[in-house]
1. Work through the residues other than Leu100 whose Cβ is under 9 Å from its Cβ and net out their charges, Lys, Arg +1 and Asp, Glu -1.
2. Name the long-range amide H neighbours of Ile141: under 5 Å, sequence gap of 5 or more, or other chain; modelled H, no Pro or chain starts.
3. Give me the percent of DSSP beta bridges within the chain that run antiparallel, rounded to the nearest 5.
4. Roughly how large, in nm² to one decimal, is the mean projection of the convex hull of the alpha-carbon atoms in segment 3-98?
5. Using the Karplus curve 6.51 cos²θ - 1.76 cosθ + 1.60 with θ = phi - 60°, what ³J(HN,Hα) values do you get for each residue of segment 23-28, in whole Hz, with x for Gly and Pro?
6. How high is the relative contact order of segment 3-98, given as a whole-number percent (alpha carbon pairs under 8 Å, six or more residues apart)?
7. Of the candidates Ala29, Ala112, Ala81, which one comes out as most mobile in a Gaussian network treatment of the chain with C-alpha springs shorter than 10 Å?
8. In percent, how large is the relative contact order of the chain, given Cα pairs closer than 8 Å and 6 or more residues apart?
Amino acid sequence: MDIILEAKPRVKGARSTLSKLRNAGQLPAVIYGYNVENKPVTLDYKEIAKAVQKYGRTSVFKINLEGQQISAVLTDIQRCALKGNVKHVDLLSINMAEELEVDVPITVIGEASGVKEGGVLMQPIREIKIKVKPASIPESIEVDVSNVGMNESISIAEIRSTVPFEILNADEDTVIAVTPPVVVNDETAGQGDDENQDIKATEAPESQS
């Protein structure tokens, strides 16, 4: 099923111009890549939000722009640091006949046996980079953790043979691990809090700029 989005060309402008577009329900974006020079555009915010929510951010979108239809995928989503709403997106124009590299999110399935024993499920990586033709991009990669016990893990090497596409991550990359719970000593609890606060205090002004 084609996921069609309407785009309008825009002229690069000041920050105030972008704010006006967002206030009018438009989302600033850039389309670049296959047969397309960098094109600043706007999309309907609600339209693309609904499409991503329904079909996933790894979907291929058909972008209608000035009488041309462009097949594209989302490559970057910029959010407001304070409110969390989307401020800008990058769309990569693609050739549907050629493979591309894309990051696909991991979906954890089941409850690890080690967690049932009191362990903590760790997920060092949230996405897996794959190489695949656009029409075959999965919404996510499911990883069943049911048989992962305490101090056990799942690596990329164990997933590689279970999927019908090429995984570009290294075999030794850990996807899932179950570790024993951390025991906090009452005498040392709270130590380091001041240091953490200092880090937050020094980072805050930069995040506001």
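Bear in mind these aren't lab numbers, they're just calculated from the coordinates by the rules spelled out. As the structure is a prediction and not an experimental result, all values here were calculated from the model. Counting neighbours? That spans all protein chains shown, and the Cβs are built from the backbone with ideal geometry, glycine included.
1. -1
2. Amide H to amide H, under 5 Å and 5 or more residues apart or across chains, Ile141 pairs with Ile106, Thr107.
3. Looking only at bridges with both residues in the chain, the antiparallel portion is about 75 percent.
4. 6.3 nm²
5. 5, 8, x, 9, 10, x
6. 31 percent
7. Ala81
8. RCO, the chain: 16 percent.
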